[in-house]
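In what follows, a single structure is set out as structure tokens and then discussed.
The values are calculated or read from the model by the stated rules, or taken from the named source; none is laboratory data. Just so you know, these numbers come straight off a predicted model, no measurement behind them. For neighbour counting, all protein chains shown are included, and Cβ atoms are generated from backbone atoms with ideal geometry for every residue, glycine included.
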Amino acid sequence: MKRIPRISVIMSVYKEPVEWMKQAIDSILAQTFNDFEFIIVNDCPDREENKQVLTEYEQNDSRIVIINNIENIGLTKSLNKALSIARGDIIARMDADDISLPKRFETQLKYLDNHPGVCGVGSWTISINEDGEQIGSVGKYESDPRWVRAQFLQNSQVAHPAAMFRKKVKDHVVRYDESVKYAQDYSLWVSILPFGEITNIPEVLFHYRINGQQITSSKKEEQQLCAGVAQRKTFTLFGFPLNESFLKLFFSMTIKHDMEILKDNVSSAFCGFYKEVKKTKANSLALEIIYSTYLAYFRKNNKSKIAFLSDVISHSSFSMLLIGCKLFFHLLQRKVKSLF
């Protein structure tokens, strides 16, 4: 009988360049923590290169398990197939065009073991181009679980392929929603949030490759719509009213990053939302995060700080300004704390 591994790594391959695929697999096999099984789903079974590469790795390393799909079924269903046979109590995600740094598993697992209330953890990332060269600055994801939870109202807060999560949280067995073709990670995190915390380790443990073949580039509109569904569920999670006009506008501002909206429409929608919502201790920070989007709109559409402040004050209700003051205090508090 095979020994049950601590971690089950799940990855789906499609038509990624062979060299990228090998780099991704090698980066997992080179982890300093090696008590894992590596489940790789071949979601392009007609591609001969996939069969050759995966067969070779499977023959050379007993930790590798290959699932060959009969036909292309997409990432969401492929990941669920991997989850259905995963034996480890911890799941680590990986994509076939990225690179995990050697201490990724060791660092993330130690964090989960030391924080039983945390259900999932990501990390900071470095973006690389098609040649493996760093592009841009470090992707610094939020690490305070309270802020991560609240910021899920705006968008997903964890780099999906860099994530590690528990296979089961309380009585909830973690699975991807197969009705969600894209932004499946956002939907997954929202489904986990009622059962525990999600956070990110403030350390670079992952290299995320930016290339033109990604879903974000080729299926952007569909991905945004799927993200909107997850965002809506987050509003429900916080007990906020599902005001359709506000949700549509907030979706445009946060997920589509569209700030070309009439000022009066933005003011009316946000004032209406805050008038409807009941403030509680549980949703206080979430209300501040929503207000930060409101502030971002006025920053984007004003050339000076004086004009920005004037616009915010004149277009906010008194209760909104109080929330803004609280947000400013929390941001200042975090800034001071980071200096020590």
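Listed by first and then second residue, the pairs linking a residue in segment 269-280 that is closer than 14 Å to T293 by Cβ to a residue that is of a type in the set (D, E, K, R), with Cβ atoms under 9 Å apart and 6 or more places separating them unless they lie on different chains, are A269/K248.
Scanning segment 1-53 for residues that are under 20 Å from T76 (Cα atoms) and either in contact with a Cys (Cβ under 8 Å, 6 or more places away or on another chain) or part of a loop (DSSP other than H, G, I, E, B) (or both) yields V13, Y14, K15, E16, D43, C44, P45, D46, R47, N50. Of the residues making up segment 259-312, just one is loosely packed, with under 13 Cβ neighbours inside 10 Å, among the β-branched types (V, I, T) and closer than 15 Å to F235 by Cα, namely T280. Of the residues making up segment 9-53, those that are under 25 Å from the mean Cα position of the chain (by Cα) and basic (K, R) are K15, K22. Against the definition (of a type outside the set (A, V, I, L, M, F, W, C) and out of contact with any helix residue (DSSP H, G or I) (no Cβ under 7 Å at 6 or more places or on another chain)), how does G117 come out, yes or no? It is true that G117 is of a type outside the set (A, V, I, L, M, F, W, C) and out of contact with any helix residue (DSSP H, G or I) (no Cβ under 7 Å at 6 or more places or on another chain). Residues of segment 54-65 that are hydroxyl-bearing (S, T, Y) and either assigned to a helix (DSSP H, G or I) or crowded, with 16+ Cβ neighbours inside 10 Å (or both): T55, Y57. All conditions but one from (1) in a helix (DSSP H, G or I); (2) more than 30 Å from F195 (Cβ to Cβ); (3) touching a residue at least 12 places away in the same chain (Cβ under 8 Å) apply to M259; the one that does not is (1). Tell me which residues, restricted to segment 22-42, are buried (at least 18 other Cβ atoms within 10 Å of the Cβ) and over 16 Å from D95 (Cα atoms). Listed by number, the list holds a single entry, F36. Against the test of being in the same structural domain as D95 (by TED's automatic domain parsing) and closer than 25 Å to L188 by Cβ, the options E71, E58 yield a single qualifying residue, E71. Note on segment 66-87: residues that are touching an Asp or Glu at 6+ places or on another chain (Cβ under 8 Å) and either surrounded by 17 or more Cβ atoms within 10 Å (Cβ to Cβ) or more than 21 Å from E106 (Cα to Cα) (or both) total 11. Within segment 66-77, does at least one residue satisfy the condition of being touching a Gly at 6+ places or on another chain (Cβ under 7 Å), over 22 Å from D26 (Cα atoms) and assigned to a loop (DSSP other than H, G, I, E, B)? Scanning segment 66-77, I find no residue that is touching a Gly at 6+ places or on another chain (Cβ under 7 Å), over 22 Å from D26 (Cα atoms) and assigned to a loop (DSSP other than H, G, I, E, B), so the answer is no.
Is it the case, given these coordinates, that S252 is more than 16 Å from the chain's Cα centre (by Cα) and small (G, A, S)? In short, yes. Within segment 313-327, the set of residues being surrounded by 13 or more Cβ atoms within 10 Å (Cβ to Cβ) and not aliphatic (A, V, I, L, M) comprises H315, S316, S317, S319, G324, K326. Checked against (1) in contact with a strand residue (DSSP E or B) (Cβ under 9 Å, 6 or more places away or on another chain); (2) free of Cβ contacts under 8 Å to residues at least 40 places away in the same chain, V148 passes all but condition (2).
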